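Values quoted throughout were computed directly from the atomic coordinates according to the rules given, and no laboratory measurement underlies them. Bear in mind that the values here come from a model prediction, so they are computed numbers and not experimental data. Neighbour counts run over all protein chains shown; Cβ positions are idealised from the backbone, glycine included.
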Amino acid sequence: MLYQMLLRLLLSAAGLGLAAVWLDGVHVAHISTLFWAALLLGIANTVVRPLLILLTLPATILTLGLFLLVINAAMLGLVSWVLPGFTLDGFWPALGAWFLVAALQGIGSLLIGKNRFTVKIERLPKDRY
C-alpha cells in the first residue's frame, strides 16, 4: 500500500513537471516543489474535494458533470495558493495541468494498480470451434 501511495505521488509530481514544461501558465521554482505540490494535491483531493463536490452538487447536476472540471482546476489553484514556488496563471493552465496529472495517474493505475490491465488468453473448448 505504501508502494502504491509513493508511486501515485511520483506520478502526480511527473504530471505537474510535464505541465510546467509543456504549458505556458504553470511555473515551478524547484524540482522539490513538484513533490510538495503533488503531496498537497493529494491531501486537497482527499479532504477538500469531496466537500466541494457535495456543496456544488446542484451545479454539477445542471451542467451534467462538467462543473467537476472547475472543481479539479480549483484543487490545483488551492495548491498554488498555499505553496510558494508553484504558480498557475489562470483557469486554463490549471485545467491543462490537471489533465496531465490525471492522464499519468490513469496510466499508472492501468499498469500497476488494483485494476491492473492484463490480457488473458484462453483456449476455447473443442465443441465451441
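The calculated FRET efficiency for the pair A29 and Q4, based on their C-beta separation and a Förster distance of 25 Å, comes to about 0.30. Between helix 91-112 and the chain there is an angle of about 30 degrees, using the helix long axis and the longest principal axis of the Cα atoms. Applying 1/(1 + (r/R0)^6) with R0 = 30 Å to the Cβ-Cβ distance of A102 and E122, what FRET efficiency is obtained, to the nearest 0.05? Using R0 = 30 Å, I get an efficiency of 0.35. For P(r) over Cα pairs in 5 Å bins from 0, in percent, the value computed from the atomic coordinates appears in the list [x] 2, 10, 19, 22, 22, 16, 7, 2, 0; [y] 2, 11, 18, 20, 16, 12, 8, 3, 3, 3, 3, 2, 1, 0; [z] 2, 9, 15, 17, 14, 13, 10, 8, 6, 3, 2, 1, 0, 0 under label [y].
Compared with the dominant Cα axis of the chain, that is its longest principal axis, helix 67-82 is turned about 50°.
To the nearest 20 debye, what is the magnitude of the charge dipole of the chain about its Cα centre, counting +1 on the Cβ of each Lys and Arg and -1 on the Cβ of each Asp and Glu? Provide the component values of the computation, followed by the final result.
Details: 8 positive and 4 negative charges, 143 e Å.
It works out to roughly 680 debye.
Under a GNM of the chain (C-alpha, springs under 10 Å), which listed residue has the highest mean-square fluctuation: L16, L111, L68? The residue that fluctuates most here is L111. The angle separating the long axis of helix 2-22 from the principal Cα axis of greatest extent in the chain is about 60 degrees.
Since only N45, S80, I121 are under comparison, the one whose Cα sits farthest along the positive direction of the charge dipole of the chain, derived from C-beta charges on Lys, Arg, Asp and Glu, is I121.
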